[in-house]
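Read the structure below first, then the notes.
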Amino acid sequence: MEVEIVLPDRKRQLLLPTGRPIGWAEWGSEQGTPVLFCTGAGMSSSLGFGAEAIRDRGIRLLCIDRPGLGRSAPDPEKSFGSWTADVAAVLTAEGIERPAAVAYSQGAPFAVALAGAGLVSALALVAGQDELAHPQVKALLPPQMAGLVDAIAADPAAFEASFATQVDAEGMLALVLGMSAPHDRAFYEAPSFLAAYRRALQEGFAQGPAGYVRDFTLALRPWPIQPEVVRVPVHLWYGGRDTSPSHSPDFGASLERRFPNAALHLLPEEGGSLLWTRSGEILRALLSAVGQSTR
C-alpha cells in the first residue's frame, strides 16, 4: 500500500534561555488545530503522517526533535522532565495551549510524560512502546528484550557507553526491517516511504548516537509518569500483525487496563505501519476525544 509522504511545510527552531536550540517540523496551516507528534526511535522530525487528513481536517501537525536528534542540540541531562520543559517552551512560544498528541513506537513514553505534566489534552499511542520495565509486561517479553531491560536497570551509564558504539542510522533501518513482519516490511520498503524513513534516521543520527541511546535507556526504565495517573483520553492503536518486540507484547491490553480513560483499537489485519495506513481514523478519533478531556 502506497501512501502520500510529503516534506514538512515549515521547519522552525527555538533558542532556549540556556542557549540550547530546539527544532521542529510542521505540516498544515499555521492557523490549524494543533496536534503534537512524538516520533519513533532515532528519527528526526522530517517524517510525518496523514497528509490528506491534515489537509481535510485543518490540522497543524508539529513534530519536535528530541534533544540530540535532528535539529535539537544534545542535552547531556536529558530526562522525561527536561523533555516536557522543552515542549512547554515551544508551546508557550507558539501560543499553543494543551494540544492533542500522537505518539508512534518509542515516542509513546515521551507523550505520556507530556500528559502527566498537563501539557496535552488527549493522546493517541500508535504501535506504542509499552512500559517494558513494568513487571507484568516484562514477563511477556522475549528473552533478548528482557535482557536489555535488565542491563539498563543494572547500570544505565555503562549500557549507554556500550550501546553507543553499536548503533547508527543504517543499522537502525536494518534492525527495524529485520524485525518487521512481511506485511510491514513491504510497506516500509516502498520507494517513497523508504527514502523518507532513511532521511529521518540519517538526520536523527547526524549528531551521533547519543540522543537515540538516551531515549532508549529512558524508554526501557520505569516510567516516572505512570499510566494510572493520566486522566486525559488515551486512544491505543495496535495492529495484530505487528511483530516488533519493542512495542507492546499484548497489543495494548495492559495499557488499556492501566490508563483510567482508555480506548483500545486492535486491528487484526494491520501491523506496526498503521500510523500511516490508518492516519485518518487515528486523527478523527483523537480530535473527537479532545472535547472529553480532563486534567
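The values are calculated or read from the model by the stated rules, or taken from the named source; none is laboratory data. Computed from a predicted structure; not experimentally measured. Please note: Cβ atoms are built from the backbone with ideal geometry, for glycine as well, and neighbour counts cover all protein chains shown. Note: areas computed on protein heavy atoms with side chains; ligands, DNA, RNA excluded. Shrake-Rupley method; radii C 1.70, N 1.55, O 1.52, S 1.80 Å.
Quick one: with all protein chains in place, what share of the accessible area of the chain is carbon or sulfur, to the nearest percent (1.4 Å probe)?
Working: 6330 of 11550 Å².
Solvent-exposed carbon and sulfur of the chain make up 55 percent of the total.
Where both bridge residues fall in the chain, DSSP classifies roughly 30% of the beta bridges as antiparallel.
Normalised by the number of residues in segment 1-67, the mean separation of alpha-carbon contacts (under 8 Å, six or more apart) gives a relative contact order of 39 percent. Of the peptides 194-202, 231-239, the ranking by mean beta-carbon count within 10 Å, highest at the top, reads 231-239, 194-202.
If you count only protein heavy atoms with a 1.4 Å probe, what accessible area per residue comes out for the chain, rounded to a whole Å²? All intermediate terms of the calculation are to be shown ahead of the outcome.
Numbers: 11550 Å² over 295 residues.
Averaged over the residues of the chain, the accessible area is 39 Å².
Taking only the alpha carbons of the chain, we obtain Rg and Dmax values of 17.3, 48 Å in that order.
For the chain, give the magnitude of the charge dipole about the Cα centre (Cβ charges: +1 Lys/Arg, -1 Asp/Glu; no others), in debye to the nearest 20. Don't skip to the end; give the middle numbers.
Details: 24 positive and 31 negative charges, 110 e Å.
Charge dipole, the chain, about its Cα centre: 520 debye, nearest 20.
Charge dipole of segment 1-137 (Cα centre as origin; +1 on each Lys and Arg Cβ, -1 on each Asp and Glu Cβ, all else neutral): 280 debye, rounded to the nearest 20.
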